[in-house]
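The block underneath contains the structure these notes are about, expressed in structure tokens.
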Amino acid sequence: MIIGMPSGVDLTAKDLMNTLKKKHAAKNYKSMVIYVEACESGSIFEGLLPKNMNIYAITAANANESSWGTYCPGDFPSPPSDLDTCLGDLFSISWMEDSDIHDLRKETLDQQYQLVRRRTAVDDMVGASHVMQYGNKTIAKQFVFNYMGANPKNDYYSPSSDDDSSLTTTPSIVSQHDATLLHFWHKFRNAPEGSPKKTEAHKQLMDELSLRKHIDESVNQIISVVFGQEKVPEMLNTVQSAGNPLVHDWDCFKMLVNSFKKQCGSTSRYEMKYSRAFANMCNAGVHINHATQAITQACSTNSPPP
């Protein structure tokens, strides 16, 4: 429903679709391939991307799943000790590592999708995501080279058993919702005992835990005030059926999301896990003024960390 941006406002699926439709109407492209790495990334296109715009989109997860970080501290291979952070995402590293070694003049988008899908799904185990396709899927018959170019060193590539093994081996993974927490935990664990770095790392870890608790409690209180405590599980967990947009009223959705970010003073990506809750509130016909008042009350009551 929302794509987080490095700076500025986040991008909603509706705004993205409006932009793509304008580009299509203006004939600004012949065909387009979009990769999206994000938690619940399927929600960007589910029920929204028409098949007649000559756009093919691949997402790291369906509309309801987390995306997964990898090459994280403590894994093998592990990041340099001074980073203490995940270096990649399972979906992204899968298609990029595939592209690194294959002759992209001969590999189709669908062939790459199938390999990435198998590696990312991890045999459908808990802690995996399902790579999705949207839009004009006939584009997937085209070669990856048409959209990404190719490395001349990989011309006439013939796969070896070692290559096949590296592209089917799945590194350890962590939910992207928890990647920041993992970063602060490893930073604290690796800091020298009794040092100022240890003290600062401990404060950062505690602040992150406090922020997450603040967001959790605020969202639960907002739903309770607006709909009643008994409706909290429904608002948090209701999933739209496949093929339907997750948001019915985009103006309401943007209003609640922006109000929560402003009132709760959060710059954390953790809060984005509750986008579905705000969508469900709007889908249930919530009165916007009532909801924004509940947001203001909840955010002030739960006192965000300093």
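Restricting attention to helices (runs of 4 or more DSSP H) lying wholly within the range 189-306, give those where 2 or more residues are more than 24 Å from the chain's Cα centre (by Cα) and surrounded by fewer than 19 Cβ atoms within 10 Å (Cβ to Cβ). Outline the logic, then answer.
Numbers: elements: 196-227, 232-237, 250-264, 275-283, 288-301.
Because the criterion is at least 2 residues that are more than 24 Å from the chain's Cα centre (by Cα) and surrounded by fewer than 19 Cβ atoms within 10 Å (Cβ to Cβ), the helices (runs of 4 or more DSSP H) in the range 189-306 that meet it are 196-227, 288-301.
Tell me which residues, restricted to the range 67-76, are out of contact with any Pro (no Cβ under 9 Å at 6 or more places or on another chain) and surrounded by fewer than 18 Cβ atoms within 10 Å (Cβ to Cβ). Reasoning before the result, please.
Filtering the range 67-76 down to residues out of contact with any Pro (no Cβ under 9 Å at 6 or more places or on another chain) leaves 67-69, 74.
Result: GLY74, single match.
Give me a count of the residues in the range 42-72 that are more than 19 Å from GLU97 (Cβ to Cβ) and among the polar types (S, T, N, Q). First the steps, then the outcome.
So the first thing to find is which residues in the range 42-72 are more than 19 Å from GLU97 (Cβ to Cβ), and the list is 42-57, 62-66.
Still in the list and also among the polar types (S, T, N, Q): 43, 52, 54, 62, 64, 66.
Final tally of qualifying residues: 6.
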- Is there a residue in the range 5-19 that is touching a strand residue (DSSP E or B) at 6+ places or on another chain (Cβ under 8 Å), touching a residue at least 40 places away in the same chain (Cβ under 8 Å), open to solvent by less than 10 Å² (accessible area, probe 1.4 Å) and among the hydrophobic types (A, V, I, L, M, F, W, C)? yes
- Query: Is the range 48-66 home to any residue that is open to solvent by less than 10 Å² (accessible area, probe 1.4 Å) and aromatic (Phe, Trp, Tyr)?
  - Reply: yes
- Item | Checking PRO79 against (1) open to solvent by less than 40 Å² (accessible area, probe 1.4 Å); (2) without any contact (Cβ under 8 Å) to a residue 12 or more places away in the chain; (3) under 23 Å from LYS273 (Cβ atoms), the condition it does not meet | (3)
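So if I check each of MET53, MET17, which one is on the phi < 0 side of the Ramachandran plot, modelled with pLDDT of 95 or more and in contact with a helix residue (DSSP H, G or I) (Cβ under 7 Å, 6 or more places away or on another chain)?
From the options MET53, MET17, the qualifying one is MET53.
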- The residue that is nearest to ALA277 (Cα to Cα), considering only those in the range 20-59 that are of a type in the set (Phe, Trp, Tyr) and in contact with a strand residue (DSSP E or B) (Cβ under 8 Å, 6 or more places away or on another chain), is PHE45
- Restricting the search to the range 102-120, which residues are in a helix (DSSP H, G or I) and either at pLDDT 90 or above or surrounded by 16 or more Cβ atoms within 10 Å (Cβ to Cβ) (or both)? LEU109, ASP110, GLN111, GLN112, TYR113, GLN114, LEU115, VAL116, ARG117, ARG119, THR120
- Query: small (Gly, Ala, Ser), more than 13 Å from ILE58 (Cα to Cα), assigned by the TED database to the domain that holds GLU46 and in contact with a helix residue (DSSP H, G or I) (Cβ under 8 Å, 6 or more places away or on another chain), is that true of ALA140?
  - Reply: no
- Message: Just to be sure before I move on: is PHE260 at pLDDT 95 or above, over 23 Å from PRO50 (Cβ atoms) and of a type outside the set (Ser, Thr, Tyr) in the structure I sent?
- Response: no
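Here's the yes/no breakdown for (1) more than 14 Å from the chain's Cα centre (by Cα); (2) modelled with pLDDT under 95; (3) hydroxyl-bearing (Ser, Thr, Tyr):
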position	(1), (2), (3)
ILE3	no, yes, no
PRO6	no, yes, no
ASP10	no, yes, no
LYS21	yes, no, no
ALA26	yes, no, no
TYR29	yes, no, yes
PHE45	no, no, no
ALA57	yes, no, no
GLU65	no, yes, no
- Condition broken by ASN62, with the remaining ones in (1) in contact (Cβ under 8 Å) with a residue 12 or more places away in the chain; (2) farther than 29 Å from ALA277 by Cα satisfied: (2)
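The values are calculated or read from the model by the stated rules, or taken from the named source; none is laboratory data. Being a predicted model, the structure only gives us computed values, none of them experimental. In this analysis, Cβ positions are derived from the backbone assuming ideal geometry, glycine residues included, and neighbour counts consider all displayed protein chains. Heavy atoms of the whole protein, side chains included, go into the accessibility calculation; ligands, DNA and RNA do not. Shrake-Rupley method; radii C 1.70, N 1.55, O 1.52, S 1.80 Å.
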